[in-house]
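Novice: Before we start, here is the structure in question, set down as structure tokens.
The values are calculated or read from the model by the stated rules, or taken from the named source; none is laboratory data. What you see is a predicted model, and the numbers here were worked out from it, not measured in a lab. FYI the Cβ positions are ideal-geometry reconstructions off the backbone, even for glycines, and counts take in every protein chain you see.
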Ligand SMILES: [Zn+2]
């Protein structure tokens, strides 16, 4: 294969096992493809985006399940978890439990919310104590 930098026919394609791990998630492996020129030393990452995106999503899905399990430990039981949802205005009730069964359906903002609740559980009480008015 010809090198785009030095024009020599010295590029070799190598498949490399790479991995990705979200915080709280599993380590997921994917195949990355490197195009390396033995003449000039250029090393191009030619991995299909699909491989890394799928591995990233798999790691995120396990992170959702792990974060919810840890959040449940913090708030002790499902009734308290519903109070968390009420305080944050999440609907429908028990939605966090439904994310356990379908972690792939959790949106980016829901994912961020789980991270915030897990890292700063007091935020729930702070939000719950905000003064609301209705005139
Ligand atoms: Zn080259």
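Novice: Which of the residues that make up the stretch 29-52 are under 19 Å from residue 105 (Cα atoms) and either surrounded by 15 or more Cβ atoms within 10 Å (Cβ to Cβ) or modelled with pLDDT of 95 or more (or both)?
Specialist: Within the stretch 29-52, 52 is the sole residue that qualifies.
Novice: Conditions first: (1) under 21 Å from the mean Cα position of the chain (by Cα); (2) loosely packed, with under 12 Cβ neighbours inside 10 Å; (3) modelled with pLDDT of 95 or more. Residue 17 passes all but one, so which condition is the exception?
Specialist: (3)
Novice: List the residue pairs whose Cβ atoms are under 9 Å apart, where the first residue sits in the stretch 8-22 and is under 30 Å from residue 59 (Cα atoms), the second is within 16 Å of the ligand (Cβ to nearest atom) and assigned to a strand (DSSP E or B), and the two are 6 or more positions apart or on different chains.
Specialist: 13/34; 13/35; 13/36; 14/34; 14/35; 14/36; 15/34; 16/34
Novice: Something else: Which residues, counting only those in the stretch 23-43, are within 13 Å of the ligand (Cβ to nearest atom) and either in contact with a strand residue (DSSP E or B) (Cβ under 7 Å, 6 or more places away or on another chain) or touching a residue at least 24 places away in the same chain (Cβ under 8 Å) (or both)? Break it down stepwise before answering.
Specialist: Kept after step one, since they are within 13 Å of the ligand (Cβ to nearest atom), are these residues of the stretch 23-43: 35-43.
35, 36, 37, 38, 39, 40, 42, 43, listed by residue number.
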